[in-house]
Amino acid sequence: STSLRVEGPLSGDDIKLLRQMTGGRGFIGVGVLEKLDLSGASIVSGGGYYYDNESTENNVIGKSMFFRSSKLKQIELPMNIVSIGVGAFQGCSKISTISVPNSVISISNYAFSNCSDLWVCILPEHIETINNGVFLNCYNLQYFDIPSGVMHINNDAFYGCRSLNHIELPE
């Protein structure tokens with residue numbers, strides 16, 4: 001099957017396996033997993049490195065966690081995550097939509113950069129900053145609703161979003 005629902009705690013070893021299954025960098029051509037539902041899972045510290053020298057932290061989608069997962073088209077994030085690390089989904093070129101859970105308070109630089117098929121991303125209302133290059137080169141991003149809590153939009157947040165034809169500003 002090309003779909004998987006995962007529940008319970010996920011350590012570094014588990015994330016490394018998911019990276020392999022989704023064709024993440026270092027596993028190009030290996031995986032077939034297109035749809036990943038982690039809404040009933042939680043990320044916990046422990047286990048080995050999931051990518052380079054990166055290890056898991058409690059309730060964090062870590063740095064480069066799904067970097068260049070070439071097969072991944074759809075992902076449901078754990079409902080209890082509090083932050084999304086640098087380049088967490090960078091280069092996931094087939095993801096088309098992503099909904100960030102309300103528990104997330106920060107999204108780091110380049111988190112969704114080079115997600116060329118991404119056309120919609122829904123962020124929580126309380127996000128205060130859209131960091132550097134978060135949506136850099138998301139060529140198909142068409143519509144973006146800026147959450148009411150956003151106070152800062154940093155450098156190149158939307159650079160290369162050539163299909164972006166509507167940005168909804170908070171009232």
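The values are calculated or read from the model by the stated rules, or taken from the named source; none is laboratory data. Computed from a predicted structure; not experimentally measured. Here Cβ is always computed from backbone atoms with ideal geometry, including for glycine, and neighbour counts include all displayed protein chains. Surface areas here come from the heavy atoms of the whole protein model, side chains and all, with no ligands, DNA or RNA. Shrake-Rupley method; radii C 1.70, N 1.55, O 1.52, S 1.80 Å.
Points worth noting:
- Which listed residue, of ILE61, ILE43, is in contact with a Ser or Thr (Cβ under 6 Å, 6 or more places away or on another chain), β-branched (Val, Ile, Thr) and closer than 24 Å to VAL134 by Cβ: ILE43
Yes or no, residue by residue, for (1) among the β-branched types (Val, Ile, Thr); (2) touching a Leu at 6+ places or on another chain (Cβ under 7 Å); (3) within 21 Å of LEU164 (Cβ to Cβ):
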site: LEU38; (1), (2), (3): no, yes, no
site: ILE43; (1), (2), (3): yes, yes, no
site: LYS94; (1), (2), (3): no, yes, yes
site: VAL100; (1), (2), (3): yes, yes, yes
site: TYR110; (1), (2), (3): no, yes, yes
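- Test: residue in the stretch 77-88 that is surrounded by 15 or more Cβ atoms within 10 Å (Cβ to Cβ), in contact with a strand residue (DSSP E or B) (Cβ under 8 Å, 6 or more places away or on another chain) and farther than 20 Å from VAL44 by Cα: no
- Subset of the stretch 141-171 [out of contact with any strand residue (DSSP E or B) (no Cβ under 8 Å at 6 or more places or on another chain) and open to solvent by 60 Å² or more (accessible area, probe 1.4 Å)]: SER148, ASN155, ASP156, TYR159, ARG162, LEU169, GLU171
- The number of residues in the stretch 128-141 being within 17 Å of VAL82 (Cα to Cα) and over 15 Å from the mean Cα position of the chain (by Cα) comes to 2.
- Within the stretch 119-130, being assigned to a loop (DSSP other than H, G, I, E, B) and either modelled with pLDDT of 95 or more or surrounded by fewer than 19 Cβ atoms within 10 Å (Cβ to Cβ) (or both) holds for TRP119, PRO124, GLU125, HIS126, GLU128.
- In the stretch 90-118, residue surrounded by the fewest Cβ atoms within 10 Å (Cβ to Cβ) [restricted to those that are β-branched (Val, Ile, Thr) and assigned to a loop (DSSP other than H, G, I, E, B)]: ILE105
- When the stretch 142-159 is filtered for residues that are small (Gly, Ala, Ser) and either in contact (Cβ under 8 Å) with a residue 60 or more places away in the chain or within 17 Å of VAL120 (Cβ to Cβ) (or both), only ALA157 remains.
Each row is one residue, and each column tells you yes or no for (1) among the hydrophobic types (A, V, I, L, M, F, W, C); (2) over 14 Å from GLN74 (Cα atoms); (3) without any contact (Cβ under 8 Å) to a residue 24 or more places away in the chain.
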| site | (1), (2), (3) |
| --- | --- |
| LEU33 | yes, no, no |
| ASP37 | no, no, no |
| ALA41 | yes, yes, no |
| TYR50 | no, yes, no |
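- Which numbered condition SER69 misses (of (1) open to solvent by 10 Å² or more (accessible area, probe 1.4 Å); (2) under 22 Å from LEU4 (Cβ atoms); (3) under 15 Å from the mean Cα position of the chain (by Cα)): (1)
- Residue check, GLY8 open to solvent by less than 60 Å² (accessible area, probe 1.4 Å) and either touching a residue at least 24 places away in the same chain (Cβ under 8 Å) or under 15 Å from LEU77 (Cβ atoms) (or both): yes
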